1. Per-residue counts of other Cβ atoms within 10 Å, averaged by peptide: what ranking do you get for 75-85, 102-112, highest first?
2. Under a point spin-label approximation (7 Å from Cα along Cα-to-Cβ), what is the Tyr195-Asp5 distance to one decimal in nm?
3. Give the angle, between 0 and 90 degrees and rounded to the nearest 10, that separates the Cα long axis of helix 99-111 from the longest principal axis of the Cα atoms of the chain.
4. If each residue of separation counts as 0.36 nm, what is the full-extension length gain between Ser183 and Ile207 once their alpha-carbon separation is subtracted?
5. Using only C-alpha atoms and all pairs of different ones, pull out the Kirkwood radius for the chain in Å with one decimal.
Amino acid sequence: NYILDLVKFLKNELPNLQYNDNYIWLKSSYSVKDKDYLSIKELSKICKTSAATISRIRIKIINNKKFTNYEYNIFNKFSKLFKKPKLIKINRYIDILSEDFQRIYGWYLSEGNCNISSIEFSQSVGNNTLDFDKLKVSLKKMFSNCSISEYLKTIKDKKNIRHLFICGKIISKLFEKIGGKYSYNKHICPELLPYSKKLGVLVNNFIIGDG
């Protein structure tokens, strides 16, 4: 197995990275999975105040800062609605030769897109449906604390495209470094080349993703 320590691998790209023996995280990265975690717009409407005020209250809750009198009155009245979100924590050590990671990596190299704080995969509906579903399962297993979402989009020729997103700046930086960001600079991480005979799952999913 090839175990990658994400602290050592990403410390230059993410100088504010927090970590312990098991997990890594960023103070600014939160997972909103709870259905009762209301949006700023929804809270603004319920509390009858501005979105900017709601945003300030949430930031102060996260950072344990003192409220102004006006903010405190709103928070005190609607305290049950101001839930503190959970930090996105990712396993510090990952086995990049594991079947799940190779599947994700192969799809990323062929059909993945890296954004500032997320990565995205896309595939035409009806193409490789079972393999795309396996990708989703692998993402949930490897990055269980991250927010994963999927939606359909219809393009000009009336094709339906499945889009799969996984959010988190750490995830984005990991795949940008390990696989490149744009189509012209996609690459296999040099550290994996000595293990080329063990990369069958990666190669197979790269071929599946790109047809």
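1. On the way: 75-85: 13.3, 102-112: 24.3.
The packing order, highest mean first, is 102-112, 75-85.
2. 1.6 nm
3. With both axes taken from Cα atoms, the answer is about 90 degrees.
4. Net length gain for the segment: 7.1 nm.
5. Values: mean 1/r = 0.0521 Å⁻¹.
After inverting the pairwise mean of 1/r, the radius is 19.2 Å.
Values in this text are rule-based calculations from the coordinates and carry no lab data. The model shown is predicted, which means the values in this text are computed figures rather than measured ones. When we count neighbours, we look across all protein chains shown, and the Cβ atoms used for this are built from the backbone with ideal geometry, even at glycine.
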